[in-house]
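A quick write-up on the structure given underneath.
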Number of protein chains: 4
Amino acid sequence: MKRIGLFGVTGYTGRELRRLLAMHPDIETTFATGSGHLDHELGLEREADAYLLALPHGIAARFADTLRGSWPNAVVIDLSGDLRLPSAESYRTWYGTEHAAPALLGHVPYGLTEINRKQLGGAKLISNPGCYATSVLLPSLPLLREQLVSPNGIIVDSKSGASGAGRAAREALLFCEVDEDLKAYSPGHQHRHVGEIEAVVQQHAGCEISLTFCPHLLPVKRGILSSLYFRSETPPEQLVAALRSTYAGEPFVRIVEKPPRLQDVVYTNECHISVHAGASGNVIVFSALDNLVKGAAGQAIQNLNLALGLPEKSGLPVSLG
Amino acid sequence: MKRIGLFGVTGYTGRELRRLLAMHPDIETTFATGSGHLDHELGLEREADAYLLALPHGIAARFADTLRGSWPNAVVIDLSGDLRLPSAESYRTWYGTEHAAPALLGHVPYGLTEINRKQLGGAKLISNPGCYATSVLLPSLPLLREQLVSPNGIIVDSKSGASGAGRAAREALLFCEVDEDLKAYSPGHQHRHVGEIEAVVQQHAGCEISLTFCPHLLPVKRGILSSLYFRSETPPEQLVAALRSTYAGEPFVRIVEKPPRLQDVVYTNECHISVHAGASGNVIVFSALDNLVKGAAGQAIQNLNLALGLPEKSGLPVSLG
Amino acid sequence: MKRIGLFGVTGYTGRELRRLLAMHPDIETTFATGSGHLDHELGLEREADAYLLALPHGIAARFADTLRGSWPNAVVIDLSGDLRLPSAESYRTWYGTEHAAPALLGHVPYGLTEINRKQLGGAKLISNPGCYATSVLLPSLPLLREQLVSPNGIIVDSKSGASGAGRAAREALLFCEVDEDLKAYSPGHQHRHVGEIEAVVQQHAGCEISLTFCPHLLPVKRGILSSLYFRSETPPEQLVAALRSTYAGEPFVRIVEKPPRLQDVVYTNECHISVHAGASGNVIVFSALDNLVKGAAGQAIQNLNLALGLPEKSGLPVSLG
Amino acid sequence: MKRIGLFGVTGYTGRELRRLLAMHPDIETTFATGSGHLDHELGLEREADAYLLALPHGIAARFADTLRGSWPNAVVIDLSGDLRLPSAESYRTWYGTEHAAPALLGHVPYGLTEINRKQLGGAKLISNPGCYATSVLLPSLPLLREQLVSPNGIIVDSKSGASGAGRAAREALLFCEVDEDLKAYSPGHQHRHVGEIEAVVQQHAGCEISLTFCPHLLPVKRGILSSLYFRSETPPEQLVAALRSTYAGEPFVRIVEKPPRLQDVVYTNECHISVHAGASGNVIVFSALDNLVKGAAGQAIQNLNLALGLPEKSGLPVSLG
């Protein structure tokens, strides 16, 4: 049994980590705490094989840095946005503040498991992807890499359940404000996840993209459905073939025929993807996942399994298929 | 007081017509019935100043035809899709069946009130627009007409509440299938409303468009939010100016700054529109309306007011602004 | 046109007042403001025929007192709980704080319109009932007054939509905490509305009751459904007869056969009531209303109409029946 | 690995069985089928260690009977209501039809695991309790058995998510009919589960009860919250003590302090119970569970574990506590 320490248990991601870890056959949670005061806390009772950080950005980088110093043999997985961008400058641009541990940037493997598996096995520090980025990158990277779609004029219309906005008591997240409503927010090119997506595409598909990204707040608890519109003259069947080839044998990514539903993926670690013809010159790609599982806690455990040498699927729920 | 007869009261549109007509100060509902057997029913007790048809397509055209023959001085407003397309051939393409009264096609004014007001005053037969088409056309027509956006590569990602799918007892519409879910359906170029939108754009903006249209089923009762992505090099401010100019003084169309919310428009006859910059070369336009009000029963009453010479705003709810 | 001033517009009740007043044919809203600083504000620009107070309790009593001093000919309707209890002592018991204007208590007519109409016509200060109390008192008072049910062992199991809890940004009211959930709160004899209900029953039915009251937070925006369980040997038909007799001719109270649904009453000023046999010696009574309309803003306008000599139904929505 | 055959996979209970069985470490699902034609199907490919029947009542009894004849060593667990009542006469009263295999009645252990565990270990045929009955009996039986509450005048106000009503395409279960609504149905003494509850109380607590039972349809997918009102002079602390004593060491029943929430029990096999003082002479008891898990599929697997000699908790999710 591997011993895991969990920092940040009060938010929805922290709670989901606890829920999933409780079902994991090879892991025991040694401690689970709120953010607290890191420095006084790193006594022996905090020793563990791995640490999961479900902390606010800004704080997370400090914790990651300190933990790596104190327990150099342990695995640290950061679920915040702190280690996702390639440089301190990029961080400043998208987060509007200085990075707390800039020396870490540029060296941390990005935990989009299916794309970056080689770098994750045995890694000591992993940056877990954002939920929106996961939903956009899994369908996009194979298509961009093989130049089956244009890197220009990409439109992504994403819809996320309210747990993606966190558990802070804000009026805009009250039941009466979200229920029976739908609205876009930060439309265009303003959302932090655009920076993350662009950087990962550049690194893993080798191209610069022009991306219009519109997230919407959906009156559901969980789930992200992203509708991606690419410029492409390639027949949809070829796109399907490329996706099937990339994800053949993957336990958590499925290429489906009909547009995927949130219902089929929530409470699982799966991402479902489909491809459809648009009007001439356009192709539509849908992806659906659970923002708290494949978009956060589940993918973190998938990466944790790899980093600790456990079976990658261990403890992770799948759909009925 | 004008006397109105209502055919088709069991569906959600029929019920909404009853709800709105009950609050209308200048109208009394003389009768409201299910679809029934038209021919035996057109006795004197069915005489009215106007008839509203909230009937299934196929049946509606027959009713419209018969009513016009029997009561030539009455106004008939058809809320089905039967009179929205320009020709029997187009109807066959999109509905997969022969039209029941093809002689009517091509001569019926299209009831998108703000765009077509001149033809609606005093009209005896009006085709009420579809809910999706209203949400797409109100923001698009001014921009296309003035060539501020490209007619090519238009992407529309629409999300509709479940009442838009009607009241038929289908498994896919059960609470447990819709609640906490989201899915696209008929993506690409397959949905009937694409035919309607293309035809109206051609007639009222004088151009052919290339449109990729993706409707989604949303876990709310009412409301459509359409996210429109245009190719455009025009600064968003100019698009806003064009929309403000077109809709200046309109009581039911508002150009807003922030992305519109369903909550602000449901239970009103309003359509809210906003414009935002996308990535370079792209612009985002949102529109929000209540599919049962501005997208159906409310716009029908707006047209009815015009056709009967009543104040256009009479009996129609507005938002708090 | 009567001129109305509205204090407290940011909460859900204030917003509903604005929505309903906007549709009222005989009233214009002269001003609508947040709570602000009353004393500096009572200049001539605040003169009105009536004031509606949608303010937090504690503050409301001070406003009522000051407004009555400054504008003795105006009508003041308080929608808070400040004027509902009969004495300062009772207020202290249920609210845990001193009353701000104890001299007002004991003299303010209670605005349960159908029960207390005589005292409301021409009144200058009215205490508008709570939403839970309205849902319990309308069905209970006739039955208790005529001794058709026992005053002992009354069980009320109430379920309220989230708008009843107000618009404060509290974690417990976040979408993710309320959606797909149900829970009771303050069960037993602890809820403030118990004090209100007991006092009104004593005054208007002349008896002391023993009441077990359990409110539940429901994942809907609007509506209260109260399930009342009485000890009674009277056949249910007699209870129905008594209710029908009390509410004969009332435009906003309907005795229905099947258990009432929230859907039939939300967005209307109606209360629907039904009676059903329980096991031997028990009878079940349901009541349904919209907590923001008949339970707050709608009933306030109903009382306002009476106090100003307008038609009681003016501006108030009814159901389709 | 035990081999399980599942009859009835299209409904919500069948789907939940599949979901839970997929996570079970000691069980493999040999086949899962719709109801089909039993007689032709019982070839060797249907041999299994146990059969789970998620079939409509009426059909289920026939399947149970045939399976027992064909595979006498296998375990059969019936999730329908067919084997819950003690006699053919009682079945006729509550279901309005003749029983298909009356010889089975009176001999089948009732699978309320915590109460009836002794009879379930090694049993070959088990009748799985109804969801409402489970939510009522777990809190009631200890209190009635020890005469801490009166058997007379019991009020149960239950609220169930829509999955409890099944997956049939009925208008009353459409999203637009259930969302933002609440209503009672079959109030009083009419609901089938009253017969089940009365019979089990008589057998396991040795008393006849007088029960007023009101189920409500809740706009959530999963979960039952039952509010039970007993006549009792016993201090609530004593009731809590009796419940704690009965359920000490039980992995799936928790006595909690605050009123339980659906959110804490859905997707788990737990039932949470709390006790609160009512007005004098009355006590309130809440119970919460997931109707598809502890109220159906989860409890069936709990019983299956016992019958097959597996660890009782195997494969069953618990809450975070």
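The values are calculated or read from the model by the stated rules, or taken from the named source; none is laboratory data. Everything numeric here is computed off the predicted structure, so don't read it as measured data. Please note: Cβ atoms are built from the backbone with ideal geometry, for glycine as well, and neighbour counts cover all protein chains shown.
Looking at C:ALA88, C:ALA74, just one residue is under 21 Å from C:THR113 (Cβ atoms), modelled with pLDDT of 95 or more and surrounded by 15 or more Cβ atoms within 10 Å (Cβ to Cβ), and that residue is C:ALA74.
Looking only at the stretch A:97-113, decide whether some residue is surrounded by 19 or more Cβ atoms within 10 Å (Cβ to Cβ), among the charged types (D, E, K, R) and modelled with pLDDT of 95 or more. Scanning the stretch A:97-113, I find no residue that is surrounded by 19 or more Cβ atoms within 10 Å (Cβ to Cβ), among the charged types (D, E, K, R) and modelled with pLDDT of 95 or more, so the answer is no.
Among the strands (runs of 3 or more DSSP E) confined to the stretch A:184-288, the ones with at least 2 residues that are of a type in the set (Phe, Trp, Tyr) are located at A:224-231. Looking across the stretch D:136-166, the residues that are charged (D, E, K, R) and either under 16 Å from D:TYR229 (Cβ atoms) or at the interface with another protein chain (Cβ under 7 Å from one of its Cβ atoms) (or both) come down to D:ASP157, D:LYS159.
Against the condition within 11 Å of another protein chain (Cβ to nearest Cβ) and either β-branched (Val, Ile, Thr) or part of a loop (DSSP other than H, G, I, E, B) (or both), how does A:LEU310 come out, does it pass? No. Within the stretch C:271-308, being surrounded by 24 or more Cβ atoms within 10 Å (Cβ to Cβ) and modelled with pLDDT under 95 holds for no residue. Inspection of the stretch C:216-225 identifies no residue that is more than 27 Å from C:THR268 (Cα to Cα), at the interface with chain D (Cβ under 9 Å from one of its Cβ atoms) and either touching a Gly at 6+ places or on another chain (Cβ under 8 Å) or free of Cβ contacts under 8 Å to residues at least 40 places away in the same chain (or both).
Listed here are the helices (runs of 4 or more DSSP H) enclosed by the stretch D:25-135 that have at least 1 residues being of a type in the set (S, T, N, Q): D:59-70, D:88-95, D:113-120.
Candidates in the stretch A:80-118 are the residues that are basic (Lys, Arg) and in contact (Cβ under 8 Å) with a residue 60 or more places away in the chain; of these, the one that is farthest from A:TYR132 (Cα to Cα) is A:ARG117.
Looking across the stretch D:247-275, the residues that are of a type in the set (D, E, K, R) and either more than 10 Å from every other protein chain (Cβ to nearest Cβ) or under 19 Å from the mean Cα position of the chain (by Cα) (or both) come down to D:GLU250, D:ARG254, D:GLU257, D:ARG261, D:ASP264, D:GLU270. The set of residues in the stretch D:138-172 being crowded, with 24+ Cβ neighbours inside 10 Å and within 21 Å of D:LEU53 (Cβ to Cβ) consists of D:SER163, D:GLY164.
Being in contact with a Pro (Cβ under 8 Å, 6 or more places away or on another chain), touching a residue at least 40 places away in the same chain (Cβ under 8 Å) and hydroxyl-bearing (Ser, Thr, Tyr) holds for only one residue in B:SER274, B:SER287, B:SER319, and it is B:SER287.
Residue-by-condition table, conditions (1) buried (at least 20 other Cβ atoms within 10 Å of the Cβ); (2) within 18 Å of the chain's Cα centre (by Cα); (3) among the aromatic types (Phe, Trp, Tyr); (4) under 23 Å from D:GLY281 (Cβ atoms):
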residue	(1), (2), (3), (4)
D:GLY188	no, no, no, yes
D:GLU208	no, no, no, yes
D:SER226	yes, yes, no, yes
D:GLU233	no, no, no, yes
D:SER245	no, no, no, no
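The conditions of being under 21 Å from C:GLN299 (Cβ atoms), outside any loop (DSSP other than H, G, I, E, B) and either in contact with a strand residue (DSSP E or B) (Cβ under 8 Å, 6 or more places away or on another chain) or modelled with pLDDT under 95 (or both) are not met by C:VAL9. With respect to (1) within 24 Å of C:TYR229 (Cα to Cα); (2) in contact (Cβ under 8 Å) with a residue 40 or more places away in the chain; (3) among the acidic types (Asp, Glu), the lone exception for D:ASP181 is condition (2). Applying the selection to the stretch C:276-289, what residues are facing chain D (nearest Cβ under 7 Å) and β-branched (Val, Ile, Thr)? Of everything in the stretch C:276-289, just one residue is facing chain D (nearest Cβ under 7 Å) and β-branched (Val, Ile, Thr), namely C:ILE284. Among B:GLU16, B:GLU45, which is away from chain C (no Cβ under 14 Å) and charged (D, E, K, R)? After applying the criteria, what remains is B:GLU45. For the stretch C:269-285, filtering for residues that are touching a helix residue (DSSP H, G or I) at 6+ places or on another chain (Cβ under 6 Å) and closer than 24 Å to C:ILE301 by Cβ leaves 4.
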